[in-house]
1. Exactly one condition in (1) open to solvent by less than 70 Å² (accessible area, probe 1.4 Å); (2) in contact (Cβ under 8 Å) with a residue 12 or more places away in the chain is false for GLY87; which is it?
2. Scan the range 255-269 for residues that are farther than 30 Å from VAL29 by Cβ and either among the hydroxyl-bearing types (Ser, Thr, Tyr) or at pLDDT 95 or above (or both) and jot them down.
3. Any idea which of ASP110, ASP73 is among the acidic types (Asp, Glu) and open to solvent by less than 50 Å² (accessible area, probe 1.4 Å)?
4. Here is a list: LYS118, LYS207, LYS183. Which entry is modelled with pLDDT under 95, among the basic types (Lys, Arg) and at positive phi?
5. Checking the condition without any contact (Cβ under 8 Å) to a residue 24 or more places away in the chain, within 22 Å of MET203 (Cα to Cα) and either open to solvent by 50 Å² or more (accessible area, probe 1.4 Å) or in the same structural domain as TRP190 (by TED's automatic domain parsing) (or both), which residue from GLU136, GLU155 passes?
6. Does LEU156 qualify as being part of a strand (DSSP E or B) and more than 22 Å from PHE97 (Cβ to Cβ)?
7. Tally up the residues in the range 332-352 that are hydrophobic (A, V, I, L, M, F, W, C) and away from ligand 2 (no atom under 15 Å from the Cβ), please.
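The values are calculated or read from the model by the stated rules, or taken from the named source; none is laboratory data. All values derive from a computational prediction rather than experimental measurement. Cβ sites come from the backbone with ideal geometry, for glycine too, and all protein chains shown count toward neighbours. Quick note on the areas: whole protein, heavy atoms, side chains included, nothing else; ligands and nucleic acids left out. Shrake-Rupley method; radii C 1.70, N 1.55, O 1.52, S 1.80 Å.
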Amino acid sequence: MERYLGESTPKLGFGLMRLPRNKDGSYDVEQCRKMVDRFLASGFTYFDTAYVYDNGDSERLVKTVLTDRYPRDSFTLATKMSAWLEGRTEEKTKRQFTESLERTGAGYFDFYLLHSLKTKNLAYYDEYGLWDFLREQKEKGLIRHWGFSFHDGPELLDRLLTEHPEAEFVQLQINYADWEDPKVASRANWEVARRHGKPVVIMEPVKGGALANPPRDVRRVLEMVDPNASCASWAIRFAASLEGVITVLSGMSTLEQMEDNLSYMKDFQPMDEVGQAAIRAAQEALKEVDCIHCTGCRYCTSGCPQAIPIPDIFAARNRQLIWNQEERGRQSYENLRKKGNTASACLGCGQCEAACPQHLEIIGHLKECAEHFGDLATDLS
Ligand code: SF4
Ligand code: SF4
């Protein structure tokens, strides 16, 4: 049987980006301590933070609640370096490594990652020589294993793993809802990692919390198989059942969430065929949810005389239609509005509809989006 890095790591990791807070916005340190204690006492070991989380407060909290209180060999710690920050320079970016060591008091990192690689920011990682930099830190014994987290498509992942075969693992966004999603490409990216023999840390297994509260028909499908299992448990167990997984990160915010996660991850067994069939049924149910069936291929955008970001607009609306995330959908639309033309700028020329392989009635959908988001028509005369 194939062996891989981190195979013996318990399959649930504690993501330190949605920690419990007090009313004034500061961390609820007492609650964080309790969660860390409970997590470790249950036999779990993996903690995940990043230089940028909460402007460094997440890393500082690691020192308070973890490294100052537990022997260094009783846990594993992962953090990340971001080359895309405002005002970046090579020197400042490399300095993040030393700062992370100081903030966490960890002495070394078990897992260290180049953070959130994608087409848009890749050049900084190359230009600053950060691949070599991590290799050097490993040689000095300051990193046990290094890799990168990734938010792009399978072609780029394949290229990166071909150009950097010494990267030891990758962190990918994987969940059953995004399994075939053309943008997130959970399945395709996981397959590329497996082909390169790289183990995977999984992030967003519950799709930012959305799969804890999925559309009614999805919930019904899952509850039919096991009325006692939480919807979040299905999502996390699906991810943890994949081959070659080091651990699945869950950004737990309360002790209750942690208890739920621990209840099914403590003696974790990969999902059997009945479970897998339930997930496939949930994926089918998701496809039936009334939404805009855009695959995000972007064939429609290049010919649009108004440069309207059609798939991004549909993604914002689908957040609301599929996931009931009214506010987040509105926020996404507002962000698009700040950058340029949105739905109300459509001229109705039909170029996009001719290009769309899904035969979507794009003009009609854009009109509905404009109305829903209160995007008043621009006077184009
Ligand atoms: S119909 Fe509207 S969205 Fe489509 S190409 Fe023309 S202007 Fe762009
Ligand atoms: S061509 Fe159709 S499916 Fe592709 S992004 Fe545009 S609207 Fe979506």
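1. Unmet condition: (2).
2. Scanning the range 255-269 gives no hits.
3. ASP110 is the lone residue from the list that is among the acidic types (Asp, Glu) and open to solvent by less than 50 Å² (accessible area, probe 1.4 Å).
4. LYS207
5. Of GLU136, GLU155, the one residue that is without any contact (Cβ under 8 Å) to a residue 24 or more places away in the chain, within 22 Å of MET203 (Cα to Cα) and either open to solvent by 50 Å² or more (accessible area, probe 1.4 Å) or in the same structural domain as TRP190 (by TED's automatic domain parsing) (or both) is GLU155.
6. Judged against the criteria, LEU156 is not a match.
7. 2
Results for (1) basic (Lys, Arg); (2) in contact with a helix residue (DSSP H, G or I) (Cβ under 9 Å, 6 or more places away or on another chain); (3) not assigned by TED's automatic domain parsing to the domain that holds MET265, shown as yes or no for each residue.
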| site | (1), (2), (3) |
| --- | --- |
| MET35 | no, yes, no |
| PHE39 | no, yes, no |
| SER42 | no, yes, no |
| PHE47 | no, yes, no |
| THR76 | no, no, no |
| LYS80 | yes, yes, no |
| GLU99 | no, yes, no |
| ASP110 | no, no, no |
